[in-house]
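The values are calculated or read from the model by the stated rules, or taken from the named source; none is laboratory data. Not measured: the values here are computed from a predicted model. Virtual Cβ from ideal backbone geometry, glycine too; neighbours counted across all protein chains shown. Keep in mind that these areas ignore ligands, DNA and RNA; they rest on the heavy atoms of the full protein, side chains included. Shrake-Rupley method; radii C 1.70, N 1.55, O 1.52, S 1.80 Å.
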Amino acid sequence: MATTTRTVAQTCAAAASAARALATASTEAKNEALAALARLLEARADDVLEANAADLADERAAGLTPALRDRLALSGERVAAMADGVRAVAALEDPIGEELERKTLESGLELRKLRVPLGVVAVVYEARPNVTVDCAALTIKSGNAMVLRGSHYAERSNGALAALVREGLAEAGLSEDAVLLVGGGGHEDLAELATQDATVDLLIPRGGGGLKAALKEVATVPVIYAAAGNCHVYVHADADLEMAQRVAVNAKVQRPGVCNSAETLLVDAAVAADFLPGTLAELDAAGVELVGDERARSNAGGVEVGAASERDWDTEYLDLKMAVAVVDSLEDAIDPVNRHGTRHSEAIVTRSEEAAAQFENAVDAAVVYTNASTRFTDGFEFGLGAEIGNSTQKLHARGPIGLRELTTYKYVVHGDGQVRE
């Protein structure tokens, strides 16, 4: 069973016990579990899709926005992509045991610095059932145990997927308790999970500002916030406007309900009259609701653009909505990006190497793009196999959280009887 009647504390304690065994598991055993999981995802896809259809039909999902329903929904193609992602993780080099440093000290001691698992990683996430599999694959390969708390409206989907993970672990002779679900209860359960510092080594919340604020009030477990993505695309005065239109539209429209989609479009005043009419028309045709400042609205070429409020510049819409502003210079673009952005992913479109370098150096974000869509901020796209989330903070991990971000290190020291004087 993927879920049990254990309390949150009991679940975390069981995961901690499994983590100690998994930390010493061979690469072959971990890869065997991942191969079994990929095979089971393909063989049992219909069972997963049946569970997902029940979630989508449940009254608990009735109030979800179209973007959130898209994040919840699975298809045969999405399940197949999960299997491909698991195989991609299995193909990656095992980071555990990697020697980071070796030296002989003045005392004659032989010191080595080795990469080791963190232990138990807890992940709190909303809507997307594929996170269950992505997280499990990464933690298994990196020798960690995982406790997952998904949304209550994705309960059946997450349960079906976690059951396949646990079956794969068992086939490889590894503890099923290396991946455990806790129910998507209320704030009390979340607070209990966030305070299991005796058994949980890291908590990664994937959600918006509300989740981040709630955890900051109570968490005693170390937290890496895979938080909101209020991302920008800035069209510089020296941009290739055809390229800029392609990048801006893709960053907004390709999948608007995810954290690396663009929420704000900034356009240099020098190219606003030439760039905005066509680009806003394409965004409008794709169903994007547009709001903007006065200069953006006056350069819209007849496309309907509502008046942006102060709140719009700070909003992660996760939907087909975009704020648009006209700025006078590169410096005037960097300022709102740093002031309103969430340090996730930011992009500039320009033919100027000097402008690109200035934007890259001055913008405070985990990922900065020149002449590319923000939609590429993704563990799979970055060659990490998958990701647990995108960290918008600076300590321990920044950007996509992959295998190496789920490790720490220990010093191993060999001597021949040395004692300190």
ask   = How much of the calculated P(r) for the stretch 219-300 lies past 22 Å, in percent of all Cα pairs?
value = 28
Binned Cα-Cα distance frequencies in the chain - 10 Å width, integer % = 5, 21, 28, 23, 15, 7, 2, 0, 0
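Evaluate the charge dipole of the chain about its Cα centre and quote only its size in Debye, nearest 20, assuming +1 on the Cβ of each Lys and Arg and -1 on the Cβ of each Asp and Glu.
On the way: 39 positive and 64 negative charges, 232 e Å.
Taking the Cα centre of the chain as origin, the dipole is about 1120 debye.
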inquiry  = Relative contact order of the chain, please, whole-number percent, based on alpha carbon pairs below 8 angstrom and at least 6 residues apart.
reply    = 19
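Against the empirical 2.2 N^0.38 Å scaling, what ratio does the C-alpha Rg of the stretch 171-223 come to?
Cα Rg divided by the expected 2.2 N^0.38 Å: 1.30.
Per the Kirkwood formula on distinct C-alpha pairs, the Rh of the stretch 123-176 is how many angstrom? Please list the in-between numbers first.
Numbers: mean 1/r = 0.0886 Å⁻¹.
Taking every pair of different Cα atoms in the stretch 123-176, averaging 1/r and inverting gives 11.3 Å.
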inquiry  = Output wanted: per-residue J couplings in Hz (rounded whole) for the stretch 65-75, from phi through Karplus 6.51 cos²θ - 1.76 cosθ + 1.60, θ = phi - 60°, x for Gly and Pro.
reply    = 5, x, 5, 5, 5, 5, 5, 6, 6, 10, 9
remark   = Highest mean packing first, using Cβ neighbours within 10 angstrom, the peptides 212-219, 152-159, 315-322 sort as 152-159, 315-322, 212-219
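Is it possible to state the helix-based mean residue ellipticity at 222 nm for the chain, with each DSSP H run of 4+ residues giving -39500 (n - 2.57), the sum divided by total residues, to the nearest 500 deg cm²/dmol? What is it?
Numbers: 14 runs with 168 residues, N = 421.
Rounded to the nearest 500, the figure is -12500 deg cm²/dmol.
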message = As a quick test, which of the pairs Lys30/Lys212; Lys103/Lys141; Lys141/Lys216; Lys103/Lys410; Lys141/Lys410 have an alpha carbon distance above 23 angstrom in this structure?
response = Lys30/Lys212; Lys103/Lys141; Lys141/Lys216
message = Please compute the Kirkwood hydrodynamic radius over the stretch 1-136, one decimal place, Å, based on all pairs of different Cα atoms.
response = 18.1
request  = Name the long-range amide H neighbours of Tyr409: under 5 Å, sequence gap of 5 or more, or other chain; modelled H, no Pro or chain starts.
outcome  = Val116
Residue (of Val327, Val258, Ser309) at the positive-pole extreme of the stretch 246-334, dipole from beta-carbon charges = Val258
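Sort Glu98, Glu93 by heavy-atom solvent-accessible area, probe 1.4 angstrom, most to least.
Values: Glu98 60, Glu93 135 Å².
The ordering from most to least exposed comes out as Glu93, Glu98.
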request  = Would you work out which of Leu41, Gly76, Ala23 lies farthest towards the positive end of the dipole of the stretch 1-82, given +1 charges on the beta-carbon of Lys and Arg and -1 on that of Asp and Glu, about the Cα centre?
outcome  = Ala23
query = Between the stretch 22-51 and the stretch 86-119, what is the C-alpha centre distance in whole Å?
reply = 26
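For the peptides 295-303, 387-395, 129-137, what is the packing order when you average, over each peptide's residues, the other Cβ atoms within 10 Å and list the highest mean first? Intermediate results must be reported in sequence, preceding the final value.
Values: 295-303: 17.8, 387-395: 21.1, 129-137: 26.4.
The peptides rank, most packed first, as 129-137, 387-395, 295-303.
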